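Report on the following structure.
The values are calculated or read from the model by the stated rules, or taken from the named source; none is laboratory data. Keep in mind it's a predicted model, so treat the numbers as computed, not measured. Counting neighbours? That spans all protein chains shown, and the Cβs are built from the backbone with ideal geometry, glycine included. The area values use the complete protein model at the heavy-atom level, side chains included, leaving out ligands, DNA and RNA. Shrake-Rupley method; radii C 1.70, N 1.55, O 1.52, S 1.80 Å.
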Amino acid sequence: MSKKLEDCVTTIPDFPKPGIMFRDITTIISDPEGFKMAVDQLCDMVKGMDIDIVVGSESRGFIFGAPVAYALGKGFVMARKKGKLPRETISETYDLEYGSATLEMHKDSIRPGMKVFLVDDLVATGGTTAAIIKMVERLGGKVVKIGFVMELAGFDAKNKALKGYDVESLISYPGN
């Protein structure tokens, strides 16, 4: 039987609190075969699609998005935490479980009409991704595909925060 991407995920029960089944994606990254599978499968999501650029969010979105961009022969744009980018930026603030966070992108990173493949490691509520979509669209880009390595399906981000977008996950876990 051949290895599946799910085989590379380590589940830690009761972390960070009792009742939570924490899915550790770092074990995909540290496994050469698992990391290659994840990058290859993310690339397969956009096979035959016309995309111009890959966008990834800080920080694990960089880990998966950059090699995807490289493999596709596309550029890579970083959506970073506030204050980390050196040139003129746009920003978007979004809600977290406790409080809020702000992401930024360089103002010149997306040009009008660019077709964007947004890549990240994990989707739960979809708040981070929705913030990035807003920035891409404010800059005139169009998100044509959103790819995640892992999805916590209980949050139903596909039908809530990301409704109307082409969203795909390599691995889906029930619950939240």
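For this structure, a couple of remarks:
- Per-q log10 I(q)/I(0), segment 38-109, q = 0.19 Å⁻¹ (Debye; single scatterer per alpha-carbon; no solvent): -0.81
- Mean-square fluctuations from a GNM of the chain, with a 10 angstrom spring cutoff on Cα atoms, peak among S91, S109, S30 at S30.
- Largest GNM mean-square fluctuation across K160, K115, K82, computed for the chain with C-alpha springs under 10 Å, falls on K160.
- Heavy-atom accessible area per residue - segment 38-93, 1.4 Å, Å²: 51 Å²
- Taking a ≥ b ≥ c as the square roots of the eigenvalues of the Cα gyration tensor, an a/c ratio of 1.5 or more together with a/b no larger than b/c marks the chain as oblate.
- Highest mobility in the GNM of the chain, judged by mean-square fluctuation with C-alpha springs under 10 Å and restricted to G127, G19, G73, is found for G19.
- Cross-link pairs beyond the 31 Å C-alpha cut-off, checked among K36/K115; K3/K145; K4/K84; K47/K107; K4/K163: K4/K84
- The charge dipole of the chain, taken about its Cα centre with unit charges on the Cβ of Lys, Arg, Asp and Glu (plus for the first two, minus for the last two), comes to roughly 520 debye.
- Whether segment 63-152 is rounded, prolate or oblate, judged on the alpha carbon gyration tensor where a/c under 1.5 counts as rounded: oblate
- Only helices enter this figure: runs of n ≥ 4 DSSP H residues, each worth -39500 (n - 2.57), summed and divided by the residues of the chain, yield -7500 deg cm²/dmol at 222 nm to the nearest 500.
- Share of carbon and sulfur in the accessible heavy-atom surface of the chain [1.4 Å probe, %]: 52 percent
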